[in-house]
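Reading through the structure tokens given below for one structure.
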Amino acid sequence: MTPEPTTQTPRLRTLAGSHNVRDLGGLATASGLRVRTGQVFRSDYPAFADADTGALRELGLRTVIDLRRGTEAAVERVDWESRGVICERWPLTAGRGSSWHARYPAYLVHRPETVVGAVRGVMSPEGHAVLFHCAAGKDRTGVVAALLLAVLGVPADDIVADYVLSAPSVGPVLDRLVGMELYAAMLAGSTAEDQEPRAEHMHALLDWLGERGGAEGWLLDHGAPDVEISNFRDAMLEG
């Protein structure tokens, strides 16, 4: 298993205003290649765009994929257009299922087209560097990250290890979210422990995908063109 990155590695980014930003690159694949850094980033709500204008230059963002619902985007939204960044919104929803109780496959069942749209938006090399995010950068973002890393050939254990790296951000993110009426209502009765990213939750999603041809098989079955997956691998994998 690839060792867990530390806060000193290039994968984890400390950016003012955000608590869960990291580079999807730097991980090794089962075939011995490595995922390129500096191309795809994952994040909680990217408040750093307003808090630190230098962060955008540092990341070199051209595209942002927002996984939140319209009600969330109405509460807070970065003016990406004025920053010369293209923003696409693909709202992931689990329907009546709660991702907080490890029902991650519900995103892929309830409205699979939004998941595929988000993944395709991230995969397009023409849009790199790209950042995808939700509110906490853990659940919806974690599902999309798992699909992308699995398509690139990163082993399941390393995908899970990347997922649980969100753990230290849970407290600060919740402290921020409960200060807004929308999220306070959504999180009522939920504790930080409830929100912890647990390895078994991600293993369950990967097992679910494995029963359906893996991440690549699932994406192909739901309309993602094979050529886009191939181009993503070509752009993101290096020896």
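A few comments on the model shown:
- Ranking of SER31, SER169, SER124 by count of other Cβ atoms within 10 Å, fewest first: SER31, SER124, SER169
- Helical runs assigned H by DSSP (4 residues or longer) give the chain a calculated mean residue ellipticity at 222 nm of -12000 deg cm²/dmol, each run adding -39500 (n - 2.57) before division by the residue total.
- When only the Cβ of Lys, Arg, Asp and Glu is charged (+1, +1, -1, -1), the dipole of segment 94-218 relative to its Cα centre reaches about 360 debye.
- Dipole of segment 12-226 [Lys/Arg +1, Asp/Glu -1 at C-beta], most positive-end residue of ALA167, ALA224, GLY17: ALA224
- Ranking THR191, SER43, VAL85 by how far each Cα lies toward the positive end of the dipole of the chain (charges on Cβ) leaves VAL85 at the top.
- A Förster radius of 22 Å, combined with the Cβ-Cβ distance separating SER230 from ARG62, puts the computed FRET efficiency at roughly 0.55.
- Unit charges on C-beta of K, R, D, E only; dipole of the chain, Debye: 220 debye
- A Förster radius of 35 Å combined with the Cβ-Cβ distance from ALA74 to SER124 puts the calculated FRET efficiency at roughly 0.85.
Read the figures in this text as sums done on the coordinates, not as results from a lab. The structure presented is a predicted model; accordingly, all values stated were derived computationally and were not measured. Counting neighbours? That spans all protein chains shown, and the Cβs are built from the backbone with ideal geometry, glycine included.
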